[in-house]
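Visitor: Dumping the structure here so I can ask a few things about it.
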Amino acid sequence: MLLRRQFQTAFAPVQLSHLYLVTRQQFRSLRNVQVCFKSTFTGASIKYLPPRVTPVYQDCRSPQSIGGKANLKQLQWPQPPRNVLILKKTMDLKVNECFTRLVEHLQKVYPEISLIVDKEAAKAFPQYGLYTWEDTEDLEKKVDIVLTVGGDGTILHAASLFAKSGMPPVLSFSLGTLGFLLPFDISDFQTAFADMYESRSYVLMRMRLSLTMKRKTHDETTFIMNEMHIHRGLSPHMAVLKVFINDRFLTEAIADGIIISTPTGSTAYSLSSGGPIVHPSINALLLTPICPSSLSFRPVLFPDSFTISVETSEKSRVRPQLSVDGRLLGLTDIGQRIHIYSKKDNGIPCVIRSHKEDDWMTDIVGLLRWNHPFDRKGW
C-alpha cells in the first residue's frame, strides 16, 4: 500500500491503474517494477476563468460593404479577449495536426489567453493544459471568441452550444473541404487571429431563428442557424402539416415534410429540395416543401418580421420528426404547434475575409459551380 500511495503522489493527477510484480524477490529489492499508468486529466474547469468580454459591433461605413450597414459590422474589443473556445472536427488526423499548430501558436504569442476545448480534446492533448466545461451555461458566461477547425458542421455544433444566449464572434478555418461558412484557409490562421484580436476584423451578422414549441409542462425554445425541418422519418406515409403565417392559416401540406430555413441555410437541405439561393445579408424566412403531393406548392420567402407556425394535422397518419441543424429533437404530437420567428440582435457574428469583396458570390460559383456549363471544364 505504501508503494501505491507514493506512486499516486508522485504522478498526480496520473492514476496508477496496474502494478505488475514479476517475482517476490524483485518486489523485495524494488527492481524491475513494471508499471502501467492511465491518464485521468480531462482539463481544468472554466468556472474559474474571468467573465466574458463582449465586443462592440459598429456599423460598417464603407460604401463597398456587402449587405449595407444592416448586416456587416466592424468588430471592436473594449478590452483584449481572454477566453478562446476551439472546436475541431473529430477523428481526423489532419485536423489534429492543424489543431496542434494552432494551440502552440496561441500559447506562445498570446500567453495571457486561456484555451477552452471539449473533454475529448483536453484528454487527448493533456500537455497543453487546456480548459473544458461541464455545463454549456458556463460557456455562455466565459467564452470571448470561438475558433472552428473543420467543416460547416463544426460551426453548426458551435452554434448549438450557445443555443440559449448570444453568440461570440466566430472565426472559421477550412482544411480544403466544401463549406459556405469557412472564409479562411488554415494556413492563414496567424494573420486572421491577429486581425480579430486587434479589432481589425469585420463580421457578417448571419441571421438566426428561434423555435418555440409547447411541451406538457413548459415551453421549449432553441435557436436555428441553418434550418429546421419536420419530416415523416421512417414512416411510409406522408405527413399532413398545417402551416400558419402570423397565426393565420396558410395551407395544409401533404408532403414528406417542410423546411424552414435562414438565408445561411438556403444552400443546405432547402437547396436540395428545390429552394432558392438567398444572400446571407437578406433577413428572411424561407419555407420549402419536401416532396409535396402538389406540383403547385413552391418555396416561399417571408419577411423576418413574420412568424411561421407548423402543426401536425389530425389527418396525419404519422408523427413527424423534428430536427434543427441536423440534431433530432424528437417526434411531434398531433395538434402540437411549432413557432419559428426571428429575434432582433440574435445574429451569429461570423468573421469575413474582406468587407470590400463579397465572399458569398465567389463561393456559389466556386463551390456550387452555379450555372456552370456542362460542356466546359473551367471558366
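The values are calculated or read from the model by the stated rules, or taken from the named source; none is laboratory data. Just so it is clear, the model here is predicted, and its values are computed rather than measured. Here the Cβ positions follow ideal geometry from the backbone for every residue, glycine too, while neighbour counts run over all protein chains shown. Calculation scope for accessible area: heavy atoms of the full protein, side chains included, ligands and nucleic acids excluded. Shrake-Rupley method; radii C 1.70, N 1.55, O 1.52, S 1.80 Å.
Visitor: Just give me the residues in region 262-271 being open to solvent by less than 10 Å² (accessible area, probe 1.4 Å) and either in contact (Cβ under 8 Å) with a residue 60 or more places away in the chain or small (Gly, Ala, Ser) (or both), in sequence order.
Guide: Passing the criteria: 265, 266, 270.
Visitor: Let me ask something else about it. Checking residue 108 against (1) within 30 Å of residue 212 (Cβ to Cβ); (2) among the basic types (Lys, Arg); (3) free of Cβ contacts under 8 Å to residues at least 60 places away in the same chain: exactly one of these is not met. Which one?
Guide: It is condition (1) that residue 108 fails.
Visitor: Here are the criteria: (1) within 18 Å of residue 226 (Cβ to Cβ); (2) among the hydrophobic types (A, V, I, L, M, F, W, C); (3) surrounded by 15 or more Cβ atoms within 10 Å (Cβ to Cβ); (4) touching a residue at least 24 places away in the same chain (Cβ under 8 Å). Tell me which single one residue 278 does not satisfy.
Guide: Here residue 278 meets the rest and fails (4).
Visitor: Go through region 207-222 residue by residue and tally those that are assigned to a strand (DSSP E or B) and either in contact with a Lys or Arg (Cβ under 9 Å, 6 or more places away or on another chain) or open to solvent by 30 Å² or more (accessible area, probe 1.4 Å) (or both). Don't jump to the end; show me each part of the working.
Guide: At the first step, the residues of region 207-222 found to be assigned to a strand (DSSP E or B) are 209-214, 219-222.
Applying the additional criterion that residues be either in contact with a Lys or Arg (Cβ under 9 Å, 6 or more places away or on another chain) or open to solvent by 30 Å² or more (accessible area, probe 1.4 Å) (or both) yields 209-210, 213-214, 219-222.
Final tally of qualifying residues: 8.
Visitor: Additional query: In region 128-151, which residue that is among the aromatic types (Phe, Trp, Tyr) and more than 15 Å from residue 82 (Cα to Cα) is surrounded by the fewest Cβ atoms within 10 Å (Cβ to Cβ)?
Guide: Looking at residues that are among the aromatic types (Phe, Trp, Tyr) and more than 15 Å from residue 82 (Cα to Cα), I get 128.
Visitor: I would also like to ask the following. Quick check on residue 250: is it without any contact (Cβ under 8 Å) to a residue 12 or more places away in the chain and of a type outside the set (Lys, Arg)?
Guide: Considered against the rule, which asks whether it is without any contact (Cβ under 8 Å) to a residue 12 or more places away in the chain and of a type outside the set (Lys, Arg), residue 250 comes out as yes.
Visitor: Follow-up. Taking the condition of being open to solvent by 30 Å² or more (accessible area, probe 1.4 Å), at pLDDT below 95, within 16 Å of residue 214 (Cβ to Cβ) and under 21 Å from the mean Cα position of the chain (by Cα), how many residues in region 302-341 meet it?
Guide: Final tally of qualifying residues: 1.
Visitor: Go through region 281-301 and report how many residues are open to solvent by 20 Å² or more (accessible area, probe 1.4 Å) and touching a Ser or Thr at 6+ places or on another chain (Cβ under 6 Å).
Guide: Residues of region 281-301 open to solvent by 20 Å² or more (accessible area, probe 1.4 Å): 281-283, 291-301.
Subsequent filtering for residues that are touching a Ser or Thr at 6+ places or on another chain (Cβ under 6 Å) retains 299.
The total comes to 1.
Visitor: Any idea how many residues of region 318-375 are polar (S, T, N, Q) and assigned to a strand (DSSP E or B)?
Guide: Final tally of qualifying residues: 3.
Visitor: Can you pull out every residue in region 108-158 that is in a loop (DSSP other than H, G, I, E, B) and under 20 Å from the mean Cα position of the chain (by Cα)?
Guide: 117, 118, 133, 134, 135, 143, 144, 151 - these are the residues of region 108-158 that are in a loop (DSSP other than H, G, I, E, B) and under 20 Å from the mean Cα position of the chain (by Cα).
Visitor: Test residue 154 against the criterion of being hydroxyl-bearing (Ser, Thr, Tyr) and buried (at least 18 other Cβ atoms within 10 Å of the Cβ), and give yes or no.
Guide: For residue 154, the condition - hydroxyl-bearing (Ser, Thr, Tyr) and buried (at least 18 other Cβ atoms within 10 Å of the Cβ) - is met.
Visitor: Could you please give the count of residues in region 227-252 that are closer than 18 Å to residue 342 by Cβ, under 22 Å from the mean Cα position of the chain (by Cα) and open to solvent by less than 20 Å² (accessible area, probe 1.4 Å)?
Guide: 2
Visitor: Here's something else I'd like to know. Quick check on region 253-261. Is at least one of its residues in contact (Cβ under 8 Å) with a residue 12 or more places away in the chain, of a type outside the set (A, V, I, L, M), surrounded by fewer than 15 Cβ atoms within 10 Å (Cβ to Cβ) and assigned by the TED database to the domain that holds residue 330? Show your work before the answer.
Guide: To start, the set of residues in region 253-261 that are in contact (Cβ under 8 Å) with a residue 12 or more places away in the chain comprises 253-261.
Still in the list and also of a type outside the set (A, V, I, L, M): 256-257, 261.
So of that shortlist, the ones also surrounded by fewer than 15 Cβ atoms within 10 Å (Cβ to Cβ) come out as none.
So far as region 253-261 goes, no, none of its residues is in contact (Cβ under 8 Å) with a residue 12 or more places away in the chain, of a type outside the set (A, V, I, L, M), surrounded by fewer than 15 Cβ atoms within 10 Å (Cβ to Cβ) and assigned by the TED database to the domain that holds residue 330.
Visitor: Follow-up. Restricting to region 342-368, name every residue that is charged (D, E, K, R) and either buried (at least 18 other Cβ atoms within 10 Å of the Cβ) or closer than 14 Å to residue 202 by Cβ (or both).
Guide: From region 342-368, those charged (D, E, K, R) are 343-345, 353, 356-359, 363; that's our starting set.
Answer for region 342-368, where residues must be charged (D, E, K, R) and either buried (at least 18 other Cβ atoms within 10 Å of the Cβ) or closer than 14 Å to residue 202 by Cβ (or both): 353, 356, 357, 358, 359, 363.
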